[in-house]
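Data first, discussion second: the structure below is written as structure tokens.
The values are calculated or read from the model by the stated rules, or taken from the named source; none is laboratory data. Keep in mind that this is a model prediction, so the values were computed, not measured. Quick reminder, even Gly has a Cβ in these numbers, built from the backbone with ideal geometry, and neighbours come from all protein chains shown. Areas reflect the complete protein model, heavy atoms only, side chains present, ligands, DNA and RNA absent. Shrake-Rupley method; radii C 1.70, N 1.55, O 1.52, S 1.80 Å.
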Amino acid sequence: METSNTSKEISIAFINDKNPIVDMTCNDLVALGTAILFHSENIEDGVSQLSALKSLPKVCIIDLDFYDKNILVRLQELRIQYPIIKLIAHSDIDTEKAVKSLLRIGFVGYLLVGSDADDFKKAIEVVINGGRYFSMGVAEITKEYFSNN
């Protein structure tokens with residue numbers, strides 16, 4: 001399976017709990033030229049939708065309960081099954097435990113709640129070009145993590 005590759009549109013997917021703010025961000029990203037391949041409300045539905053696609057998204061933005069060990073296990077499975085997809089977390093959780101758990105799984109971005117569509121767009125562009133993107137509120141945690149690993 002290939003990731004979609006167009007010069008104008010970047011394809012992404014969202015896996016998140018019901019959240020009207022994320023819904024508005026999705027609409028704003030579409031207006032900025034981002035193709036949203038799907039928007040699912042839980043990890044199982046997200047994995048199912050990924051498996052049905054002919055062309056994978058470049059990025060998957062995930063906003064779930066990152067304290068739930070079952071969700072972390074499923075995210076690890078997602079990472080193993082689809083290693084080419086860049087994962088960006090979106091959360092109001094800025095604890096060291098939660099952030100480092102996601103970094104160990106292989107997330108390359110972390111946006112805190114309050115990030116606007118421009119922040120999302122910048123994060124998406126950075127990670128598809130091989131970089132990492134983290135909100136200021138988790139920057140110190142990520143800096144420490146990557147300096148030790």
Top of Ser101, Ser48, Ser91 by mean-square fluctuation, Gaussian network on the chain, Cα under 10 Å: Ser48
Difference of contour (0.36 nm per residue) and Cα-Cα distance, Glu144 to Thr95: 16.3 nm
Distance (nanometres) between label positions extended 7 Å along Cα→Cβ at Gln49 and Arg132: 2.7 nm
Mind checking the per residue accessible area of the chain for me, 1.4 Å probe, whole number of Å²? 52 Å²
Pop out the carbon and sulfur fraction of the accessible area of segment 18-118 as a percent, whole number, probe 1.4 Å. 53 percent
What does the charge add up to near Tyr110, with Lys and Arg as +1, Asp and Glu as -1, over the other residues with Cβ less than 14 Å from its Cβ? 0
Candidate values (1) 2.94; (2) 1.19; (3) 0.96, label of the one derived for Cα Rg over 2.2 N^0.38 Å: (3)
Across 10 Å bins beginning at 0, the whole-percent shares of Cα-Cα pair distances in segment 78-129 come to 24, 51, 24, 0
So, counting K/R as plus one and D/E as minus one, what does the shell of residues with Cβ under 14 Å around Tyr67 add up to? -3
Choice from Gly114, Gly46, Gly106 with maximal GNM fluctuation in the chain (Cα, 10 Å cutoff): Gly114
As a test of the formula, what do you get for the chain when each DSSP H run with n ≥ 4 contributes -39,500 (n - 2.57) and the sum is divided by the residue count, at 222 nm and rounded to the nearest 500 deg cm²/dmol? -14500 deg cm²/dmol
